[in-house]
1. Looking at (1) more than 17 Å from Val10 (Cβ to Cβ); (2) in a loop (DSSP other than H, G, I, E, B), which is the only condition Leu146 fails?
2. Only residues in the range 51-65 that are under 20 Å from Asn91 (Cα atoms) count as the first member; pair them with residues that are part of a helix (DSSP H, G or I) and modelled with pLDDT of 70 or more, Cβ under 6 angstrom, at least 6 apart or cross-chain, and list the lot.
3. Exactly one condition in (1) open to solvent by 30 Å² or more (accessible area, probe 1.4 Å); (2) in contact (Cβ under 8 Å) with a residue 12 or more places away in the chain; (3) farther than 18 Å from Gly49 by Cβ is not met by Ile133; state its number.
4. I'd like the residue in the range 1-48 that is outside any loop (DSSP other than H, G, I, E, B) and in contact with a Phe, Trp or Tyr (Cβ under 7 Å, 6 or more places away or on another chain) and, out of all such residues, is modelled with the lowest pLDDT.
5. From the list Lys89, Lys144, Lys97, exactly one residue is open to solvent by 30 Å² or more (accessible area, probe 1.4 Å) and either more than 13 Å from the chain's Cα centre (by Cα) or more than 17 Å from Lys16 (Cα to Cα) (or both). Which is it?
6. Can you list residue pairs whose Cβ atoms sit under 7 Å apart, with the first residue in the range 88-109 being touching a residue at least 40 places away in the same chain (Cβ under 8 Å) and the second being among the β-branched types (Val, Ile, Thr) and in a loop (DSSP other than H, G, I, E, B)? Count only pairs 6 or more apart in sequence or on different chains.
7. Looking only at the range 49-64, which residues are open to solvent by less than 90 Å² (accessible area, probe 1.4 Å) and within 17 Å of Gly112 (Cβ to Cβ)?
Amino acid sequence: MDEKKLYHEVPGGKNKFHSAILTTYSFNFHHFEYQILKTLKQKWIINVGVLVDANKLDEVLGFSSGGLKQLTKSYSINGVHSKGAFHPKINFLIGDKQLLLVLGSGNLTPGGQGKNHETFTALYAEDEDSKLIPILNEAYDYVKALGKDLEGFSARRIEKSIPNNCKLLRKEIV
């Protein structure tokens, strides 16, 4: 079986996708900055927000070193509080005229993005008439609901900036 790296498979280019909202249970800063973020930037995806289980984020921040160079310059990361574990693995890529939703079992860690056996499925639309638009908008409504407690730029990114720059996303939660 050929091993594929999830973000290397994403189509890229200046006019494809510009934004990404990623959710995960566990997170590895070094892997994210030097593998995932680097690949996203090569594909012109420069507006990146990450939502992580708040408890796991607190834990990993304790292990982080001063080697984090990209944090706050290239992406935002926010903890999400939940009654149990915050466990969705959503990779939502947004362009002016395209949406790509990749759902799977992999966290934003080396294991979740290549070393472990993980499953992923993708939904893609680039046309307002696509039958996937209602599903993709419902998924984005879920992401917006996750961001309801965020403040500042992270909140504006999810609530306004991304939907205002994609003709396929509704502007309001219905």
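1. (2)
2. Short answer, once both residue conditions are applied: Leu51/Leu146.
3. It is condition (1) that Ile133 fails.
4. Leu6
5. On the way: Lys89 fails: open to solvent by 30 Å² or more (accessible area, probe 1.4 Å); Lys144 fails: open to solvent by 30 Å² or more (accessible area, probe 1.4 Å).
The conditions single out Lys97.
6. Once the first residue is touching a residue at least 40 places away in the same chain (Cβ under 8 Å) and sits in the range 88-109, its partners that are among the β-branched types (Val, Ile, Thr) and in a loop (DSSP other than H, G, I, E, B) give Leu93/Val10; Leu93/Ile45; Leu100/Val10; Gly104/Thr119.
7. Of the residues in the range 49-64, the ones open to solvent by less than 90 Å² (accessible area, probe 1.4 Å) are 49-54, 56-57, 60-62, 64.
Scanning the range 49-64 gives Val50, Leu51, Val52, Asp53, Lys56, Leu57, Val60.
The values are calculated or read from the model by the stated rules, or taken from the named source; none is laboratory data. Computed from a predicted structure; not experimentally measured. Cβ coordinates were reconstructed from backbone atoms using ideal geometry, including for glycine residues, and neighbour counts include every protein chain displayed. To get the accessible areas, we keep the full protein, side chains included, count just its heavy atoms, and leave off ligands, DNA and RNA. Shrake-Rupley method; radii C 1.70, N 1.55, O 1.52, S 1.80 Å.
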